[in-house]
Amino acid sequence: MATTPFDLPDSFDPEEVSGSRADSAPGEDSAPGEDDDAVRREAAPEESSRASRHWWDRNADEYQDEHGEFLGDDRFTWCPEGLDEAEAHLLGEVKGLSVLEIGAGAAQCSRWLAAQGARPVALDISFRQLQHSRRIDLGRGAEPVAVVQADAAVLPFADGAFDLACSAYGAVPFSADTAALMREVHRVLRPGARWVFSVTHPIRWAFPDEPGVEGLTATASYFDRTPYVEQDEHGQATYVEHHRTIGDRVRELTAAGFQLLDLVEPEWPEGLEQEWGGWSPLRGRLIPGTAIFVARRG
């Protein structure tokens with residue numbers, strides 16, 4: 001479903017976005033809470049997509065409240081380490097390019113791209129995140145960013161529609177079939193276009209997601225691809241995140257027709273003391289927290 005910012009209503013009810021209780025799956029209308037069980041189990045694409053949509057719709061306000069200052073309204077930051085595209089130049093020259101931002105949240109990165117002369121489209125699975133994009137644009141009195149609500153694994157665009165695609169911690173970790181997602185991104189890009197995305201560094205899956213010393217001892221297998229799932233009392237997934245190794249990501253990219261140009265592992269910068277979930281100065285100075293894949297479409 002494609003929408004412009006002006007199509008987004010001012011009020012928000014999660015049930016209006018996710019469907020009525022009558023047509024919801026068992027447990028689907030239950031808000032995630034402290035009683036949800038965290039397990040490792042398989043989660044199919046449809047379940048993963050539904051969980052992501054509901055989770056981000058319900059948690060978008062809290063996320064923007066907590067991280068909005070760090071992200072800024074028009075800053076393109078790749079990761080909790082604070083690596084900015086303005087300094088990294090991983091996308092290359094963007095002026096005049098049509099750009100698809102995947103998993104855009106409130107479209108902070110797209111706003112930065114527009115300021116550089118690009119023509120961005122911000123895509124996210126969460127209606128509520130896109131409402132925050134509208135809120136920011138209206139508050140700034142600026143030209144609104146074009147937004148689209150859709151699943152990144154089923155992109156609603158024509159073949160070769162974009163000159164560039166990017167994603168800063170969006171969509172890729174939450175997709176059950178990232179091989180298909182890579183093929184979709186390849187399809188909507190023109191030959192020679194770049195596809196650059198950041199994700200939690202795969203090595204982090206071997207360690208507890210804790211910012212302190214308890215997060216420095218490996219307790220799980222790096223090679224265990226079983227998804228991390230939070231589920232309600234009915235066993236319905238409320239949050240799903242999927243793990244791939246570095247090798248898995250490279251193989252997915254090349255199989256889809258991309259050439260890997262670079263793999264960036266940002267170091268924790270001096271002076272940054274802010275924690276973000278499991279990211280912290282203690283862990284960041286010892287093990288990588290982010291992997292940024294820079295690829296080019298064949």
Find the residue count for the stretch 212-227, including only residues that are under 21 Å from the mean Cα position of the chain (by Cα) and farther than 22 Å from Asp177 by Cβ. 0
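Identify all residues within the stretch 84-100 that are in a loop (DSSP other than H, G, I, E, B), of a type in the set (A, V, I, L, M, F, W, C) and either in contact with a Pro (Cβ under 8 Å, 6 or more places away or on another chain) or surrounded by fewer than 18 Cβ atoms within 10 Å (Cβ to Cβ) (or both); write none if there are none.
Step one: list which residues in the stretch 84-100 are in a loop (DSSP other than H, G, I, E, B), which gives 89-97.
If we keep only those that are of a type in the set (A, V, I, L, M, F, W, C) as well, we get 90-91, 94, 97.
Listed by number, the list is empty, since nothing qualifies.
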Whichever residue in the stretch 256-277 is in contact with a Lys or Arg (Cβ under 7 Å, 6 or more places away or on another chain) and of a type outside the set (S, T, N, Q) and, among such residues, is nearest to Ala179 (Cα to Cα): Ala256
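When you go through Glu66, Glu81 one by one, which is the residue that is buried (at least 19 other Cβ atoms within 10 Å of the Cβ), of a type outside the set (Phe, Trp, Tyr) and either out of contact with any His (no Cβ under 6 Å at 6 or more places or on another chain) or in a helix (DSSP H, G or I) (or both)? Walk me through it before giving the result.
On the way: Glu66 fails: buried (at least 19 other Cβ atoms within 10 Å of the Cβ).
Matching residue, one of Glu66, Glu81: Glu81.
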If we keep only residues of the stretch 61-88 that are aromatic (Phe, Trp, Tyr) and modelled with pLDDT under 95, then the residue nearest to Gln129 (Cα to Cα) is Tyr63
Close pairs (9 angstrom Cβ cut-off, 6 or more residues apart or separate chains): charged (D, E, K, R) in the stretch 78-89, part of a helix (DSSP H, G or I) and buried (at least 20 other Cβ atoms within 10 Å of the Cβ) anywhere: Glu81/Gly284; Asp84/Trp112; Glu85/Cys109; Glu85/Trp112; Glu85/Leu113
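Please go through the stretch 228-252 and pick out each residue that is more than 17 Å from the chain's Cα centre (by Cα), crowded, with 19+ Cβ neighbours inside 10 Å and under 16 Å from Pro173 (Cβ atoms). Show your work before the answer.
So the first thing to find is which residues in the stretch 228-252 are more than 17 Å from the chain's Cα centre (by Cα), and the list is 230-237, 245-248, 250-252.
From the residues that got through so far, the ones that are crowded, with 19+ Cβ neighbours inside 10 Å too are 231-232, 236-237, 252.
Passing the criteria: Ala237, Glu252.
This table checks each residue for (1) closer than 24 Å to Val94 by Cβ; (2) free of Cβ contacts under 8 Å to residues at least 60 places away in the same chain; (3) among the charged types (D, E, K, R); (4) assigned to a loop (DSSP other than H, G, I, E, B).
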| position | (1), (2), (3), (4) |
| --- | --- |
| Ser198 | yes, no, no, no |
| Ala218 | no, yes, no, yes |
| Tyr222 | no, yes, no, yes |
| Arg225 | no, yes, yes, yes |
Single residue of Arg194, Arg190, Arg183, Arg204 found to be basic (Lys, Arg), more than 14 Å from the chain's Cα centre (by Cα) and over 27 Å from Thr245 (Cα atoms): Arg190
Yes or no: the stretch 205-215 includes at least one residue that is buried (at least 19 other Cβ atoms within 10 Å of the Cβ), in contact with a helix residue (DSSP H, G or I) (Cβ under 8 Å, 6 or more places away or on another chain) and assigned to a helix (DSSP H, G or I). yes
Working only within the stretch 265-279, note down all residues that are within 20 Å of the chain's Cα centre (by Cα) and of a type outside the set (Asp, Glu). Pro266, Trp276, Gly277, Gly278, Trp279
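For the stretch 109-126, does any single residue satisfy the condition of being among the polar types (S, T, N, Q), at negative phi, surrounded by 22 or more Cβ atoms within 10 Å (Cβ to Cβ) and in a loop (DSSP other than H, G, I, E, B)?
To start, the set of residues in the stretch 109-126 that are among the polar types (S, T, N, Q) comprises 110, 116, 126.
Then drop every residue that is not at negative phi, which leaves 110, 116, 126.
Filter again for surrounded by 22 or more Cβ atoms within 10 Å (Cβ to Cβ), leaving 110, 126.
Those left that are additionally in a loop (DSSP other than H, G, I, E, B): 126.
Within the stretch 109-126, one or more residues are among the polar types (S, T, N, Q), at negative phi, surrounded by 22 or more Cβ atoms within 10 Å (Cβ to Cβ) and in a loop (DSSP other than H, G, I, E, B).
Would you pick out the residues in the stretch 127-161 that are β-branched (Val, Ile, Thr) and either surrounded by 17 or more Cβ atoms within 10 Å (Cβ to Cβ) or free of Cβ contacts under 8 Å to residues at least 24 places away in the same chain (or both)?
Looking only at the stretch 127-161, we keep the residues that are β-branched (Val, Ile, Thr), and these are 136, 145, 147-148, 154.
Listed by number, the residues that qualify are Ile136, Val145, Val147, Val148.
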Among (1) in a loop (DSSP other than H, G, I, E, B); (2) modelled with pLDDT of 95 or more; (3) small (Gly, Ala, Ser), where does Gly271 come up short? (2)
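Collect the residues in the stretch 200-248 that are of a type in the set (Val, Ile, Thr), in contact with a strand residue (DSSP E or B) (Cβ under 8 Å, 6 or more places away or on another chain) and more than 27 Å from Glu46 (Cβ to Cβ), keeping them in residue-number order.
Initial filter on the stretch 200-248 (of a type in the set (Val, Ile, Thr)): 200, 203, 213, 217, 219, 226, 229, 238, 240, 245-246.
Narrowing the set further to residues that are in contact with a strand residue (DSSP E or B) (Cβ under 8 Å, 6 or more places away or on another chain) leaves 200, 226, 229, 238, 240, 246.
Answer for the stretch 200-248, where residues must be of a type in the set (Val, Ile, Thr), in contact with a strand residue (DSSP E or B) (Cβ under 8 Å, 6 or more places away or on another chain) and more than 27 Å from Glu46 (Cβ to Cβ): just Ile246.
The values are calculated or read from the model by the stated rules, or taken from the named source; none is laboratory data. Since the structure is predicted, the reported quantities are computational estimates derived from the model, not experimental observations. Cβ atoms come from the backbone with ideal geometry, glycine included; neighbour counts cover every protein chain shown.
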